[in-house]
Every structure is written in C-alpha cells, then in structure tokens.
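Taking it in order: structure first as structure tokens, then the write-up.
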Amino acid sequence: MKPYLSIENLTQRFPDGKGGELTVFENATFGVEKGEFVVILGHSGCGKSTIMNILAGLAEPTSGAVVMDGQEVKGPSLDRGVVFQNYSLLPWLSTLKNVTFGVAARHPEWTKAEVIAHSTKYLAMVGLEGDVIHRKPSQLSGGMRQRVSIARAFANHPKLLLLDEPFGALDALTRGTIQDELLKIWGGTEQTVFMITHDIDEAILLADRILLMTNGPFARVAESVEITIPRPRSRTEIIEHPNYYAIRNHLVQFLGKRSKELSGQPMDSGATNRPAPIRIDKTEPTPDPEDLRPGLRAVVNS
Amino acid sequence: MTGLSLNKRAAILSFILLIAGLLIWEAAIPAQKAVGELTEYEILTGAGVPKAGVPPPSEVLVKAWEQLSNPFYDAGPNDKGIGIQIGYSIYRVLTGYALAAFVAIPLGFLIGMSPVAYKALNPFIQVLRPISPLAWMPLALFIIQDSEASAIFVIFICSIWPMLINTAFGVAGVRADWVNVARTHELNPLKTAFTVILPAAAPTIVTGMRISIGIAWLVIVAAEMLVGGTGIGYYVWNEWNNLDLTSVIFSILMIGVVGMLLDALFGLLQRRVAYVE
Ligand SMILES: Nc1ncnc2c1ncn2[C@@H]1O[C@H](COP(=O)(O)OP(=O)(O)OP(=O)(O)O)[C@@H](O)[C@H]1O
Ligand SMILES: [Mg+2]
C-alpha cells in the first residue's frame, strides 16, 4: 500500500557552473500519509526548497517521481498550495488583491463580494485587518508580507500545503499566533502539510513526524522521527512531557553532528535512499504490540 | 534658509532665466533704422529694404498671440492655422504609433516568452533597427504611392523598435517567482499573460512606448518637410521659404511644447504602472 504522497527515487542534479555536476540529492524515497503534518529539518543549502519545488510541480527532478493520491505530479496544481520562502507576492497588487487573486482562481464561480469576504477573513486570521490590507506589499514589513503569503495559501484549502520556512521572518509572538492558526486550520480538515523550518521547537510543536536531512551535496533524508507527544499540544505544556527533551536532544545531536558525518558520500548507484524510522517514547515501558515492528524502532536511552 | 519650498525657488529661478534670456536676445538684434534716417547711399544699395533678420522675441510673442488666438483658420492650402497644422502632425504620429504598438507589443511578448523566437528574430531586428526612418521614405513613396500614408509608415517604422525591444526585455525579465504564483494557481496562459506578465513588465514596456513617442515626434517634422502639404514640419519649411522667420521660431517653440506634452502624457502612464518590489 503506497502512502498518500509518495516520493520515489528522487534525484536532482544541477550544473555546478564549472562544467561539472552538482548532485543535491540522489534516490531520495519517502512517504507522507494523508492528513499528516510532516516537517523537514536540515542545514541551509541541503536541498529542502528543491524538494518542495518538485512536490509543488514547479520543478522537474533529474529523475524519480512524486505520486500524490495515485497520480503522478506533473506540473503545479491548486491542490498543492505553496507558501514560498521569499513570499512571492505580486508587488503591483494590494495586500487584499494578492489574496483575492488566489481565491478567485480557486473559486471562479464565486461573486466578487464572496471572494473579498473570504479573503478578508483569512487576512484577519493572520492579523491583517483594516487599512493595512489596501497597502502594497512594498509598504509592509517582512513579517506582514509573510503573513499575506500564508493567508493566500491557507484561504485556498489545498489538499497538500507546502510551506517553505513560512514563519522565518516573524517575531516570536506573531509566530505563535500563526502556528496556532495553522494547527486549527489543519486540524479541522483532511489537509496534509509538508513544512520546512530551521526551528527545532517549532518542528516538535507542529509535526507528526520530522524528516532529517544530512548536509549536501549528496544530501539524504536520513531519519524520520516520530513525535510521540499527544495533541493538542501547547507551547508551555509540551516541554513538561517526558518525550520532549529526548526528542529535542536527538534532533540537536543530528543537526549539530551527524548531519555532517553522514553527508557527502555518494550512494551505491541505484540504491534507494529511505529514511530510518525513529521512535522515541519514554512513556511506554511495555511497548504497544501494534507498534512493535522489528527493525523499525530505535529506542534511544539517554 | 528662505521659507520657500524647493519647487518655488526653482520656479523663480526658471522665470528669471527666461526673462534674462529674452532680454539678451532682444538686445542682441540690431534695430532696423527708420526710412527717414537712411543715407542716400544706403537707399541706393538697397539696405533700407527690411532685411530678413532674426526677429526679436517681442515680435515672436506678437506672432504667437496672433496665431494662438485663432489657431484653426483655414485660408487655402498654404495658409492654415497652427492648430490645424499641429493637428495633422499629431494625427499622423498617433496613427503610425498605434499601428506600431499593435505590432510591437504582441510580437515583443512572443520574443520575450520564447527563446527560439528571440534567436530567430534578433538578426532582423538588429539590421532593421539602425536604419534611419527617413531612408525608408523613397521606398515607401514608391510602394504606397501616397504621401500621407508614407509619412505614417515612416512613423510606424521608427516607433516600432523601442517598443518591441523593451517589451521583449520586460517580458523576459519577469521574475520566475511571480510566474510560479500564476502556475500554482493554475492560470491559463492568456490569464497569466494579462494578470501577471503584463503588469510585471508594464514599467519597461511603457518606458519603450515613451521613447517611441519621442522619436516619432522628432521624425514627423522631418518627414513632413519631405512629403509636404500639411503638418507642422511642412509649416516650418513653408515659412522658411516665405522668409518669415518669426513664424519659423514660433513653430519651433510649438514643436517643443507639443513634444513635451506627449512625453508628459506617457510620464503619467509610467507613474500609473510603476511598482516597488
Ligand atoms: N537552479 C539551480 N541551479 C543550480 N544550483 C541550484 C539551483 N537551485 C538550487 N541549487 C543548489 O541546490 C542546493 C540546494 O538548494 P535549496 O534551495 O534546495 O537549499 P535549502 O535546503 O532550501 O536551503 P535554505 O535552508 O537556505 O533555504 C544548493 O547548493 C543550491 O546551490
Ligand atoms: Mg530553501
């Protein structure tokens, strides 16, 4: 049984500018289940945005395929909403029009008033109300622009939401509010979320599963860490959970040390690169028999 | 500092420069002696006949007042008001210009979007562009057999290049991110062209249009001197043949004023389509 979103033997090479080739990643293979919230963590330049562009259908991989819901991804679609790393707002349109642009594309049958009402609602959800929504993106702060871009993607209820460091430019307070909004929107639907971030705590708060990438070139999605903290999670309460620091330490260890150690080796050609599933759970002294899949568990006792 | 704003101070300075310039011009023209003061020798050598000298600004102003108070009179083929003459010129410029825009902007889009079209058309553009528009005139007159249409053709051919090149350049330079936004929203190519690429490239396109209208206005004067009949260029030439230098100077000023207005119009449009990234 294939997962809902299946990434199969994805390889991406770019010309390196010196006549040679730069292999960003090779034969990357992993899956995302329907309704799952997956976060990918990795150092700058390892190829996260490249993977996301391929998932969005905006870029073609050198080889390999992405299959969503049994259909191969060929080109972009309204079912896959993207929040771009650089916001990608249209600078000649007002904030509101940047959102109505997307909503009108999604719902061509709606009246203008309906489109505006829907867009205004989502802008308010990310804290943009009143006069601000009639300003041009150039007249907004970096964080406000990012929120417009988030509102544009959320308003369209895509089946798969692709978020490339969506909260990078936000202050801690706004970030928290929008994280909560994201969880609310995601929780109420069948939406699948694939998100890139550099923030470990954000990843633990939001994710069902964290994919860890080694440094490039020849980056690998090396591990898939299950977040064994029950939902609903709150920022203040999760740190009390016995699994929190165990998971956090594991992630810090990986990003700080092992991402470097594991990087740079080309794989045997043709070998499929699957992440090792990691489950860290200190609350279960006797593991649930259902979860006891030999070879799929690595219990970290630190 | 003075309490006046920068604009006010600049306006005062402009006004002073204008007055000073006019006064120097007026003073530099030697006054013509009245007939009674002429010596016998001067009368015999014909020096007393009013000479076609450069007129002083006061005369030009009187002429301007006279012309502008009745700009649209029509007293036969060689005696029409300045308004009518300028009207003819503007009509030719706008017709040729509109035709050029009609061809250049879609073609520029194509060249900007398609590297193949760019490579295929580039050699033609490079050869045709540096040709002086007036060099086409004899060929145009021969083929079209109509001086009016030939003048319009010359305007067409001179205004097409800046618009074509700027449109292609603007369209090719549209940021991939913005096109990606259109793609993730599944806009069809036509919708993408109108809602993303056109507004994104508009500042560059309008700059090309502004350069084109400037060139067209430069060229129409020369073209009308060649084809004759009507128009401000013909008017200048005709007044020169009449040795009416006052009218020549006045019409030169009018050419400048109309050119400035055309440019200002496109400046306005340019401000409308500008955006800050
Ligand atoms: N179009 C391209 N041509 C050549 N190389 C590219 C291209 N796009 C990306 N790369 C290279 O691929 C690698 C991965 O880039 P990518 O943008 O995916 O990194 P990232 O993981 O998103 O980094 P960050 O966290 O800084 O956003 C980088 O080394 C980059 O130089
Ligand atoms: Mg990136």
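The values are calculated or read from the model by the stated rules, or taken from the named source; none is laboratory data. The shown structure was predicted, so the numbers you read here are calculated from the model rather than taken from an experiment. Glycine gets a Cβ as well: all are built from the backbone with ideal geometry, and neighbour counts include every protein chain shown. SASA here: full protein model, heavy atoms, side chains in, ligands and nucleic acids out. Shrake-Rupley method; radii C 1.70, N 1.55, O 1.52, S 1.80 Å.
The residues on offer are A:39, A:24, A:66, A:32, and the sole one that is within 16 Å of ligand 2 (Cβ to nearest atom), of a type in the set (Val, Ile, Thr) and either in contact with a Leu (Cβ under 7 Å, 6 or more places away or on another chain) or at pLDDT below 90 (or both) is A:39.
Answer yes or no as to whether residue A:154 is closer than 22 Å to residue A:51 by Cα and either without any contact (Cβ under 8 Å) to a residue 40 or more places away in the chain or among the hydroxyl-bearing types (Ser, Thr, Tyr) (or both). Explain how you work it out, then say what you get.
Details: closer than 22 Å to residue A:51 by Cα: yes; either without any contact (Cβ under 8 Å) to a residue 40 or more places away in the chain or among the hydroxyl-bearing types (Ser, Thr, Tyr) (or both): no.
In short, no.
One residue stands out among those in the stretch A:54-82 that are surrounded by fewer than 16 Cβ atoms within 10 Å (Cβ to Cβ) and among the charged types (D, E, K, R): the one that is farthest from ligand 1 (Cβ to nearest atom), which is A:69. Residue A:95 passes every criterion in (1) β-branched (Val, Ile, Thr); (2) within 15 Å of the chain's Cα centre (by Cα); (3) more than 16 Å from ligand 1 (Cβ to nearest atom) apart from (2).
So, in the stretch A:158-178, exactly how many residues are more than 16 Å from ligand 1 (Cβ to nearest atom) and in contact (Cβ under 8 Å) with a residue 40 or more places away in the chain? Spell out the reasoning first.
If we filter the stretch A:158-178 for residues that are more than 16 Å from ligand 1 (Cβ to nearest atom), which is where we start, we get A:158-161, A:170-178.
Imposing the further condition that a residue be in contact (Cβ under 8 Å) with a residue 40 or more places away in the chain reduces the set to A:158-161, A:174, A:176-178.
Number satisfying all stated conditions: 8.
Each residue in the stretch A:53-79 was checked for being more than 7 Å from chain B (Cβ to nearest Cβ) and either farther than 18 Å from residue B:179 by Cβ or outside any loop (DSSP other than H, G, I, E, B) (or both), and 17 of them qualify.
Matching residues to (1) within 16 Å of ligand 2 (Cβ to nearest atom); (2) more than 14 Å from chain B (Cβ to nearest Cβ); (3) more than 23 Å from residue A:40 (Cβ to Cβ):
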residue	(1), (2), (3)
A:135	no, no, yes
A:139	no, no, yes
A:155	no, no, yes
A:160	no, no, no
A:164	yes, no, no
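Please find, among A:44, A:88, A:49, A:94, the residue that is assigned by TED's automatic domain parsing to the domain that holds residue A:149, out of contact with any Leu (no Cβ under 8 Å at 6 or more places or on another chain) and touching a residue at least 60 places away in the same chain (Cβ under 8 Å). Answer to the check: A:88.
For the stretch A:25-53, the tally of residues that are among the polar types (S, T, N, Q), out of contact with any strand residue (DSSP E or B) (no Cβ under 6 Å at 6 or more places or on another chain) and more than 9 Å from ligand 1 (Cβ to nearest atom) stands at 0. Return the residue satisfying two criteria in turn: it lies in the stretch B:67-102 and is touching a residue at least 12 places away in the same chain (Cβ under 8 Å) and open to solvent by 60 Å² or more (accessible area, probe 1.4 Å), and of such residues it is nearest to residue B:249 (Cα to Cα). Across the stretch B:67-102, the extreme among qualifying residues is B:68.
Total residues in the stretch B:103-120 satisfying the condition of being free of Cβ contacts under 8 Å to residues at least 40 places away in the same chain and not hydrophobic (A, V, I, L, M, F, W, C): the figure is 4. Looking at the stretch B:233-275, which of its residues are hydroxyl-bearing (Ser, Thr, Tyr) and under 20 Å from the mean Cα position of the chain (by Cα)? Passing the criteria: B:234, B:235, B:247, B:251.
Condition check ((1) within 14 Å of chain B (Cβ to nearest Cβ); (2) modelled with pLDDT of 95 or more) across all residues:
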{"residue": "A:83", "(1), (2)": "yes, no"}
{"residue": "A:86", "(1), (2)": "yes, no"}
{"residue": "A:90", "(1), (2)": "yes, yes"}
{"residue": "A:96", "(1), (2)": "no, yes"}
{"residue": "A:115", "(1), (2)": "yes, yes"}
{"residue": "A:118", "(1), (2)": "no, yes"}
{"residue": "A:127", "(1), (2)": "no, no"}
{"residue": "A:130", "(1), (2)": "no, no"}
{"residue": "A:142", "(1), (2)": "yes, no"}
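Find the residue count for the stretch A:215-237, including only residues that are among the hydroxyl-bearing types (Ser, Thr, Tyr) and at pLDDT 90 or above. Walk me through it before giving the result.
Within the stretch A:215-237, the first condition is being among the hydroxyl-bearing types (Ser, Thr, Tyr), and the residues that meet it are A:224, A:228, A:234, A:236.
With the extra rule that they be at pLDDT 90 or above, the set shrinks to A:224, A:228.
Qualifying residue count, the stretch A:215-237: 2.
Residues that are in contact with a strand residue (DSSP E or B) (Cβ under 6 Å, 6 or more places away or on another chain) and within 16 Å of ligand 2 (Cβ to nearest atom) within the stretch A:198-218 comprise A:203, A:211, A:212, A:213, A:214, A:216, A:217, listed in sequence order.
Residue-level check: of (1) under 30 Å from residue A:73 (Cα atoms); (2) within 14 Å of chain A (Cβ to nearest Cβ); (3) surrounded by 15 or more Cβ atoms within 10 Å (Cβ to Cβ), residue B:171 misses just (2). Number of residues in the stretch B:178-236 that are more than 14 Å from chain A (Cβ to nearest Cβ), open to solvent by 30 Å² or more (accessible area, probe 1.4 Å) and at positive phi: the value is 1. Of all residues in the stretch A:98-111, those satisfying the criterion of being more than 10 Å from chain B (Cβ to nearest Cβ) and surrounded by 17 or more Cβ atoms within 10 Å (Cβ to Cβ) are A:99, A:100.
Residues A:196, A:185, A:178: which one is open to solvent by less than 10 Å² (accessible area, probe 1.4 Å) and more than 13 Å from the chain's Cα centre (by Cα)? Lay out the reasoning, then the answer.
Details: A:196 fails: more than 13 Å from the chain's Cα centre (by Cα); A:185 fails: open to solvent by less than 10 Å² (accessible area, probe 1.4 Å).
Answer to the check: A:178.
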